[in-house]
Structure formats: structure tokens, C-alpha cells
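The values are calculated or read from the model by the stated rules, or taken from the named source; none is laboratory data. Here the structure is a predicted model, which means the values were calculated and not measured. Quick reminder, even Gly has a Cβ in these numbers, built from the backbone with ideal geometry, and neighbours come from all protein chains shown.
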Amino acid sequence: MNKIKIQGVLFLIVLIVAFFVYVFQGNQLRPTREFYVNDYAQALSPAIENVIVEKGVLLYDLYQDVDEVGGAQIVFLTLDKATYGNSSSTELTEIFNKWKIGKNDMGLLYVIFFEEVEYDGYTLMEYDSIQWIIGYQMKIYLSASKIGQIVDATIQVEDSLNMGIAKLLHETLREITTNAYGYEEFRDFDEEAYAYYFDNYTGSSTDAVEMSVFYYLFSPYSSFTDKLFAVIPFLLIMFMGGLFVSFKGGGGSSGGSGSFRRRR
Amino acid sequence: MFQKNGKMLVGLVIVVIVLVFGVTMIVGYNSLVDKDETVDTKAAAISIALTERFDKINGLLTSIEGLEEHALNIYTAITNARQAFLDAQASGDMEALAEADQLQSIALSDLRAFMLVEDNPNISALPGYMVLMDEIISSEGELAYARSTYNNAIDAYNKAVRRFPNVMFAAMFGFERDRVRWDEVPGVE
């Protein structure tokens, strides 16, 4: 009896703490557990999400210990134009700084806006515009105008969003690794390999991890103790944001450098 | 015996009051110094952003072939803005710096308008046009962020100076009251 009471009190405390943390956090955008891809517009395919995360992790792991430069992080954020279309560059810079992208200010944030469109009775998220925010040190190696040139040659001209983003990421990586880390042997973009990969990718979306916890929590198969131990990390992930993330920011900040493009 | 204890108690109370006041004063003074320093740091960030913006525009303008001959009036506006900025920087006057910021912004909007008007359809095709626009937009973004963080620092400072007990120490140590936000500088349109 006492055991159940203690469990009940613990459960209640966690709920109350989570509620207050959630209330005080307001509506600020938080990075997802994957950190490098934050698909709030729900517009990206699992295949391209996987590419972004894999490349992002690799870049950071390879170069985070390089003296004086630090590890670069390229983070993608997608937003619905209807809700966030009027976001100023100052607001996006605040997101960059809250997420602490890049070690030693070697961060880059791509914000892609999508618009909801009706097509043949279906609702689709269509690419509308892209904005980029550059970290204090990153802008030494990659200027706003250089990124503009990369954007113009990739996502702006590609019919396929997957391919456009993959090329954008590839060319951005080439610039960063060459200019910041002196790596000269970056291979050319293999369009055929990427096309094959996108067509045959069978992995699930990153949201599935959270859904499985959610499902387990309310399933009749879990005991009360299981529910209690399942609900704590779930609530922490949902409301406290960032304590249990797989990847996180390197501590970087930005002074608002960057530019934008609207879809042609 | 009772009188002696009473005197000791009074003495103890006085010591406690002096201690509490002293600690409060030290903490309050240090907090005001921190906030004052933050405002100065943010002001310096605006100054750097202004310098960067102007240097960038100046350098890029001359690098765009064919633009110079069409944009002499804008060059003049930029030169005037540069002089106003250098004067303001030398004097350390924040109001003058804000006015120089305004002059630069006006020159910039003139430049952007010039590059977008229908009379100059070939300008957008010039090599370097997009580079120029990206760098200008980037500089504007940096400046907007610097202004925003400066104003946040000013708000925090003004609030701290008005609050009790800091209001006593602010007057005692001559901390300025109601420092002016960047977008509220008198004389700036």
C-alpha cells in the first residue's frame, strides 16, 4: 500500500514539475533529439532526414577537436510559412543562439519555409523560401554570399526537394571542410547514388521513436512501475527538451549574419 | 545585568543592520556595474556592425562594374554617412551614432531601390549583384540583432536602476537613469 502511495506521489511530482517547466518555456522552438534535422513543417522525407543527421554527426565527430577552429555543425529547421513566415532574422538568430549550434561558433542554420498547397485533392507542403544564419566564426570560412551562390546552384534549381537539399548539404560540407579544415579531396556529388538511395530508402521517420514510447505508455501490457519509469523520460523529452537528446549543440552563437532566397 | 544585556542586544542589532546594508550595497553596486558594462559591450557590437556594414558596402560597390557611373548620388550619400559615422565614433556620442546609423540605412535603401528599379534592368544581371545583395542583407541582419540585444541590455539596466534597493545605490554612485534605447534616440526619424 505504502509502495503504491510513494509511486503515486512520485508520479504526481514529475507531472507537476513537467507542467511548470512546459508553461515557463512558452512556445519556443526546441531542437529535436536528432538535433541536425528539425522538421517542424513535417515536409521532409525520412531519407533526407537520415542523410542530414549522418553527415552532420560525421562532420562534427571528425573535426570537433581541431584546435582554434572547433567542430562545425550544420542544422536544418523546417517551418510552416503560415505560422512562422513573418519571423525576422533576429528571431532566427535567437533560435541559433538558444540551440548553441557549432563548437567555437562554427555553426550554420538553414531554415526552410514550406507552404501548404492543395494538389489533386491532396494537401502538400511545398518549398517556399530558405534563410541561413551563420555563426560568428563560421562566417570567416563561409560568407553569406557564398552560401547564396550554393543555394542558387542547388535547392533553388532542383525539381526534387530531396536532391536539392542533398546537393546543398554536400556543397556546404565541401566549402567548410576545404576552407576551415584544409581538406582538399572532397568527392563530387554522386547524383545517381543519391537517387537510388532516395528511391529505395525503407527506414522510418525520426518521429517513430517518440510514438513507440507513447504507445507503450498507454498499452495494457505495461505495469504501473513500467508506466512510471516510461513516463519520466517521456515527459522530460517532451517538456524539458534537450536533457535526453542524442546530439546537441557545441555551444556556438551567431551575430545575425545570413541571407535568404525565395523560390523562383 | 539586564541593562548590560540590553546594550549588547542593541549593539548586535546595529552590527547586523550595518552588515546587511553593506552586503546589499556591494551586491547591488556590482549588479549595476555588470549591467552597465553589458550595455557598453552591446553598444560596441553595434559600432562594429556599423563599421562592417559600411566597409562591406563601400568595397562591394566599387567591385561592381558599370554601377559606379550610375550611382554617384548614392556614393555621395554613403560618403556623408561614413563621415557622420566616423565623427560620432570619435566623439563616443550614442545619439550621433544612431543618427549615422540612420544615414547609412537611408543610403542603403536608396541603393537597394536603385538596383531594383525598372530603369536598371541589367543591374541584376551584373556579376557581383547577388553577392552585393547577400552581403548587404547579412550586414542588415547583424545590425538588427546588435540593436535588439543592445535594447534588451538597456531595458535590463533601466529596470535594475529603478528597483529598490538599487535605486539608492544608483543615486549614490552616480549611475545614469533612463538610458535611451537605440530606436528611441531623439532627433532620429
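Name the residues in the range A:98-156 that are away from chain B (no Cβ under 14 Å), among the β-branched types (Val, Ile, Thr) and over 14 Å from A:Ile74 (Cβ atoms), would you?
Passing the criteria: A:Val117, A:Thr123.
I'm checking my understanding of the structure. Among residues of the range B:35-62 that are exposed (fewer than 13 other Cβ atoms within 10 Å of the Cβ) and more than 19 Å from B:Arg147 (Cβ to Cβ), which one is modelled with the highest pLDDT?
Top of the filtered list is B:Gly59.
Do we find a residue being basic (Lys, Arg), surrounded by fewer than 18 Cβ atoms within 10 Å (Cβ to Cβ) and within 16 Å of A:Met138 (Cβ to Cβ) anywhere in the range A:166-174?
Within the range A:166-174 (the criterion being basic (Lys, Arg), surrounded by fewer than 18 Cβ atoms within 10 Å (Cβ to Cβ) and within 16 Å of A:Met138 (Cβ to Cβ)), the answer is yes, since at least one residue qualifies.
List pairs: first in the range A:42-53 and over 22 Å from A:Lys81 (Cα atoms), second assigned to a helix (DSSP H, G or I), Cβ under 6 Å, 6+ apart or cross-chain?
Every condition considered, the pairs that remain are A:Ala47/A:Phe198; A:Val51/A:Ala166.
Let me spell it out: the conditions are (1) of a type outside the set (Lys, Arg); (2) crowded, with 20+ Cβ neighbours inside 10 Å; (3) closer than 14 Å to A:Gly85 by Cα, and A:Ile133 meets all of them except one. Which number is the exception?
All conditions are met except number (3).
Based on what the data block shows, is A:Asp61 in a helix (DSSP H, G or I) and modelled with pLDDT under 95?
Yes: the conditions hold for A:Asp61.
For the structure I just gave you, tell me whether A:Gly121 is more than 23 Å from A:Phe198 (Cα to Cα) and free of Cβ contacts under 8 Å to residues at least 60 places away in the same chain.
The answer is yes for A:Gly121.
Hey, A:Glu184 hits all of (1) assigned to a helix (DSSP H, G or I); (2) modelled with pLDDT of 65 or more but one; which does it fall short on?
Only one criterion in (1) assigned to a helix (DSSP H, G or I); (2) modelled with pLDDT of 65 or more is unmet by A:Glu184, namely (1).
So which of A:Leu59, A:Leu92, A:Leu77 is buried (at least 17 other Cβ atoms within 10 Å of the Cβ) and within 14 Å of chain B (Cβ to nearest Cβ)?
Details: A:Leu59 fails: within 14 Å of chain B (Cβ to nearest Cβ); A:Leu77 fails: within 14 Å of chain B (Cβ to nearest Cβ).
One residue alone meets the criteria, A:Leu92.
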